[in-house]
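Engineer: My questions will all concern the structure given below.
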Amino acid sequence: LARVPEGICIYKPAVAHNPLYHATARRAGYLANDCGHHLLRAAAAKVAAGGTLIVFPEGTRTRGGGLNPLKPGFVAIARLARAPIQLVRITSRSGLLGKGRRWWQVPPLPAAISVTLGPRLPPPGPAETRAVVAAIEAWFRDGTPPPQHRDAPLDAARVHASS
């Protein structure tokens, strides 16, 4: 995250119960996932202003190597911000990023992470949310390239969807 200019994340409401994490997340300009439509508008405004939203569209880390159904909020944010979506796949078999592992526990070493840059999709149109989510889910599952949904100029603002 430190290498992403103007990077913005959405954090789970439980972070608010940890004074250190909550203060750090708020200071970084991250957004709490506890306010529904307000969250979508706030995230879209930050992206439209030049920020880069980094989203894990499953809503949580995957257990067991499968893929959870994607939540459509990131597509709505891209649509509201009129921003493209850059797909990024992050994988690790080492347990380094595993759900349930405490941050202070050393994972089995050597730890390896693979980052794959996927296609960059144009901003979705108003009626395309379900189709875009389905196409992105297919890319994460089996590498099927998502279709380009509509012709739209790409700008500097972007939404990164990672899984």
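The values are calculated or read from the model by the stated rules, or taken from the named source; none is laboratory data. Fair warning: this is a prediction, and the values are worked out from it, not measured in the lab. Backbone-built Cβ (ideal geometry, glycine too); neighbour counts: all protein chains shown. Note: accessible area is taken over every heavy atom of the protein model, side chains too, but ligands, DNA and RNA are not part of it. Shrake-Rupley method; radii C 1.70, N 1.55, O 1.52, S 1.80 Å.
Engineer: With a 1.4 Å probe and all protein chains left in place, how much accessible area per residue does the chain have, in Å²? Working shown, then result.
Structural biologist: Working: 9920 Å² over 163 residues.
Result: 61 Å² of accessible area for each residue.
Engineer: With all protein chains present, how much of the accessible area of the chain (probe radius 1.4 Å) comes from carbon and sulfur, to the nearest whole percent? Let's see the in-between values first.
Structural biologist: Details: 5670 of 9920 Å².
Carbon and sulfur atoms account for 57 percent of the accessible area of the chain.
Engineer: For the chain, set up a GNM with springs between Cα atoms under 10 Å and report which of Leu31, Leu39, Leu109 has the largest fluctuation.
Structural biologist: Leu109
Engineer: Using a cut-off of 15 Å between beta-carbons, work out the net charge of the residues near Arg26 (Lys and Arg +1, Asp and Glu -1, Arg26 not included).
Structural biologist: Values: positive: Lys12, Arg27, Lys46; negative: Asp34.
Spelling it out: positives minus negatives among the neighbours equals +2.
Engineer: Can you give the helix-only mean residue ellipticity at 222 nm for the chain, where every DSSP H stretch with n ≥ 4 adds -39500 (n - 2.57) and the sum goes over all residues, rounded to the nearest 500 deg cm²/dmol? Intermediate values should be presented prior to the final figure.
Structural biologist: Values: 4 runs with 45 residues, N = 163.
The per-residue figure over the chain is -8500 deg cm²/dmol.
Engineer: Follow-up. To the nearest 20 debye, what charge dipole does region 20-64 have about its Cα centre, counting +1 at the Cβ of each Lys and Arg and -1 at the Cβ of each Asp and Glu?
Structural biologist: Numbers: 6 positive and 2 negative charges, 20 e Å.
So the dipole magnitude of region 20-64 works out to roughly 100 debye.
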